[in-house]
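Peer 1: Here it is, the structure, as structure tokens.
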Ligand code: NDP
């Protein structure tokens with residue numbers, strides 16, 4: 001049987017880097033691929049982990065570039081014949097004092113956090129082997145943002161029949177409304193990052209349903225998670241958790257044992273399923 005392989009996106013720093021380290025510490029029984037969009041930063045991170053005694057490989061991945069995701073898919077297919085663990089960690093957020101217009105922030109944040117994650121899933125989920133684990137790093141902010149949506153939008157995001165196409169349309173509608181300056185009048189929350197993470201959490205539920213329908217016998221588990229509030233370049237130095245602590249829930253979900261039936265399609269925080 002081919003060697004197992006785990007892929008972590010946006011792993012040159014922050015929580016992604018800590019997840020790679022935790023997978024190695026947990027003695028993941030296969031290769032761990034640290035991906036990054038910047039080759040120099042990715043290779044530096046690999047060098048650092050190797051100096052700590054961990055065996056890790058670098059592969060390029062810019063999640064906003066569908067060609068880049070396809071190249072990674074081809075590499076995994078050729079080298080491993082499949083994929084066992086995918087952790088979609090890469091993400092971005094504008095700083096609170098960012099001066100870009102809200103519509104621009106919405107478009108840019110959506111492109112990375114939602115569309116980028118979706119494109120990586122489209123490229124890599126077809127490679128999943130039986131008992132694979134997929135973790136989409138979302139945020140507790142997705143739940144807070146959901147609570148400030150209009151009742152109509154909340155109902156749509158909680159509707160277990162919502163399709164991926166309908167979710168994509170909703171995410172697009174948010175960006176257009178943000179660019180027109182009337183997103184709040186249309187019932188959207190006043191947070192670009194939070195809305196993109198609603199997209200990631202709901203996408204995870206939809207993808208899990210699809211896997212259950214199409215690959216029922218394969219034991220694949222796919223979840224969204226929140227790492228907690230973590231000291232990284234994104235969240236700043238005042239956050240209470242270290243990157244290592246932030247990596248605990250994503251790593252736990254990535255290493256759910258063979259035979260586990262749940263969680264699946266959930267938002268998990270502190271290793272606990274959250275009410276959506
Ligand atoms: P960082 O800003 O420290 O790291 C983000 C990582 O994502 C970097 O490696 C960055 O690469 C990468 N990235 C961004 N855009 C792309 C792209 N287009 N292609 C590939 N990689 C990309 O953030 P965190 O470690 O804090 O965040 C990791 C995840 O955790 C994110 O999804 C975030 O939303 C989520 N999260 C974080 C929380 C926190 O408190 N820190 C709380 C809740 C969720 P580069 O260095 O090149 O920019």
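The values are calculated or read from the model by the stated rules, or taken from the named source; none is laboratory data. Bear in mind that the values here come from a model prediction, so they are computed numbers and not experimental data. Cβ: placed from backbone, ideal geometry, glycine included. Neighbour counts: every protein chain shown.
Peer 1: Residues being assigned to a helix (DSSP H, G or I) and under 17 Å from residue 13 (Cβ atoms): count how many of those fall in region 239-257.
Peer 2: Total satisfying the criteria: 6.
Peer 1: Restricting the search to region 41-76, which residues are closer than 19 Å to residue 4 by Cβ, loosely packed, with under 14 Cβ neighbours inside 10 Å and out of contact with any strand residue (DSSP E or B) (no Cβ under 8 Å at 6 or more places or on another chain)?
Peer 2: Passing the criteria: only 74.
Peer 1: Could you tell me which numbered condition residue 183 fails, if it satisfies all but one of (1) assigned to a loop (DSSP other than H, G, I, E, B); (2) within 16 Å of the ligand (Cβ to nearest atom)?
Peer 2: Of everything listed in (1) assigned to a loop (DSSP other than H, G, I, E, B); (2) within 16 Å of the ligand (Cβ to nearest atom), residue 183 misses just condition (2).
Peer 1: I need a count of the residues in region 197-226 that are out of contact with any helix residue (DSSP H, G or I) (no Cβ under 7 Å at 6 or more places or on another chain) and away from the ligand (no atom under 16 Å from the Cβ).
Peer 2: Of the residues in region 197-226, the ones out of contact with any helix residue (DSSP H, G or I) (no Cβ under 7 Å at 6 or more places or on another chain) are 204-205, 208-219, 221.
Going one step further and asking which of them are away from the ligand (no atom under 16 Å from the Cβ), we end up with 205, 208-219, 221.
Here the count works out to 14.
Peer 1: Answer yes if at least one residue in region 212-222 is in a helix (DSSP H, G or I) and crowded, with 20+ Cβ neighbours inside 10 Å, and no otherwise.
Peer 2: no
Peer 1: Then there is this: Mind listing just one residue for me: the one in region 5-20 that is farther than 15 Å from residue 241 by Cβ and in contact (Cβ under 8 Å) with a residue 60 or more places away in the chain and, of those, nearest to the ligand (Cβ to nearest atom)?
Peer 2: Looking at the filtered set, the residue picked out is 10.
Peer 1: Shifting gears a bit: May I ask you to say which residue of 66, 71, 77 is touching a residue at least 24 places away in the same chain (Cβ under 8 Å) and over 27 Å from residue 258 (Cβ atoms)?
Peer 2: Only one candidate qualifies: 66.
Peer 1: Check residue 2 against each of (1) in contact with a helix residue (DSSP H, G or I) (Cβ under 6 Å, 6 or more places away or on another chain); (2) within 15 Å of the ligand (Cβ to nearest atom); (3) in contact (Cβ under 8 Å) with a residue 40 or more places away in the chain and name the one condition it does not meet.
Peer 2: Only one criterion in (1) in contact with a helix residue (DSSP H, G or I) (Cβ under 6 Å, 6 or more places away or on another chain); (2) within 15 Å of the ligand (Cβ to nearest atom); (3) in contact (Cβ under 8 Å) with a residue 40 or more places away in the chain is unmet by residue 2, namely (2).
Peer 1: Something else: So residue 194 fits all but one of (1) closer than 17 Å to residue 121 by Cβ; (2) within 16 Å of the ligand (Cβ to nearest atom); (3) part of a helix (DSSP H, G or I); what number is the exception?
Peer 2: (1)
Peer 1: Go through (1) within 17 Å of the chain's Cα centre (by Cα); (2) surrounded by fewer than 19 Cβ atoms within 10 Å (Cβ to Cβ); (3) outside any loop (DSSP other than H, G, I, E, B) and name the single condition residue 205 misses.
Peer 2: Evaluating residue 205 over (1) within 17 Å of the chain's Cα centre (by Cα); (2) surrounded by fewer than 19 Cβ atoms within 10 Å (Cβ to Cβ); (3) outside any loop (DSSP other than H, G, I, E, B) leaves (2) as the failure.
Peer 1: A follow-up question, please. Within region 123-141, can you find the residues that are within 14 Å of the ligand (Cβ to nearest atom) and within 14 Å of residue 73 (Cβ to Cβ)?
Peer 2: Our first condition is that a residue be within 14 Å of the ligand (Cβ to nearest atom); within region 123-141, this holds for 123-124, 135-141.
123, 124 - these are the residues of region 123-141 that are within 14 Å of the ligand (Cβ to nearest atom) and within 14 Å of residue 73 (Cβ to Cβ).
Peer 1: Of the residues that make up region 227-240, is at least one modelled with pLDDT of 95 or more and away from the ligand (no atom under 16 Å from the Cβ)? Let's see the steps before the verdict.
Peer 2: Narrowing region 227-240 to residues modelled with pLDDT of 95 or more: 227-240.
Then drop every residue that is not away from the ligand (no atom under 16 Å from the Cβ), which leaves none.
No, that holds for no residue.
Peer 1: Filter the strands (runs of 3 or more DSSP E) completely within region 14-121 down to those with at least 1 residues that are at pLDDT 95 or above and within 16 Å of the chain's Cα centre (by Cα).
Peer 2: On the way: elements: 30-36, 57-60, 83-88.
Of the strands (runs of 3 or more DSSP E) lying wholly inside region 14-121, those with at least 1 residues that are at pLDDT 95 or above and within 16 Å of the chain's Cα centre (by Cα) span 30-36, 83-88.
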